[in-house]
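Comments concern the structure below.
Bear in mind these aren't lab numbers, they're just calculated from the coordinates by the rules spelled out. Since the model is a prediction, treat every value here as computed from it, not as a measurement. We place every Cβ from the backbone using ideal geometry, glycine too, and count neighbours over all the protein chains shown.
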Amino acid sequence: MKKTVLEGEDFPSEVLLCSVPGVPDRDGMIYLNRSSRFRLRCPAEQVQEWYRLLQNTVLDVRGHLIRLVQPRLSLPQHSETLKARLVTFHLKELDNHQVPFYFLESCKKALDQLEINGQAFIDSNSDGDLARRTLKIKDKHVLGFGVVVEGLNAEDSIKLQCYGLGGRKHFGCGWFYPVKEVESAA
């Protein structure tokens, strides 16, 4: 996207990307399906510019051409609970047993810096284990976790969706979205 849409410019820090959902294989590829979406969050004054830039754009992702069609605009919706598939922080301590502790400590510090009141948790995967995930950037694997933040008021919920948490946001990390509650779960 940097080469095609941004004409070689760096990605603006105030713009967030969401990782594109699809069906992963074991070689790091994601196969797109009908529900795959490219999502971008930007400040309100940049919406028209991004809309024009991305409409009918063809992206070259490792030799695979993807055309972006039918852009839709939507506003973030507040929710008491938000979830991110992957959040990363540069952790100084890398003792495998202590990583979740330092990671949660980093989440709390980041929430405090944004003046957001909420409780962060590491999400669990379908097996009930911590949702430990990695992101491959060139030949480097970056460690992160799925994160859930609960107890948010409306203002803090929107703020967290706008700013995200952690680093590597131009790779889709730190993107928070409302958790869809299952009505029959009660």
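Assorted remarks:
- All told, Phe89 meets the bar of being under 16 Å from the mean Cα position of the chain (by Cα) and not in a strand (DSSP E or B).
- Residue identified as at negative phi and without any contact (Cβ under 8 Å) to a residue 40 or more places away in the chain among Lys109, Lys159: Lys109
- Scanning segment 136-160 for residues that are in a strand (DSSP E or B) and either over 23 Å from Ser124 (Cα atoms) or in contact with a Gly (Cβ under 8 Å, 6 or more places away or on another chain) (or both) yields a total of 6.
- Taken over segment 138-154, the criterion of being within 15 Å of the chain's Cα centre (by Cα) and aliphatic (A, V, I, L, M) is satisfied by Val142, Leu143, Val147, Val148, Val149.
- Between Gln98, Gln113, Gln161, Gln119, the distinction of being surrounded by 15 or more Cβ atoms within 10 Å (Cβ to Cβ) and among the polar types (S, T, N, Q) belongs to Gln161 only.
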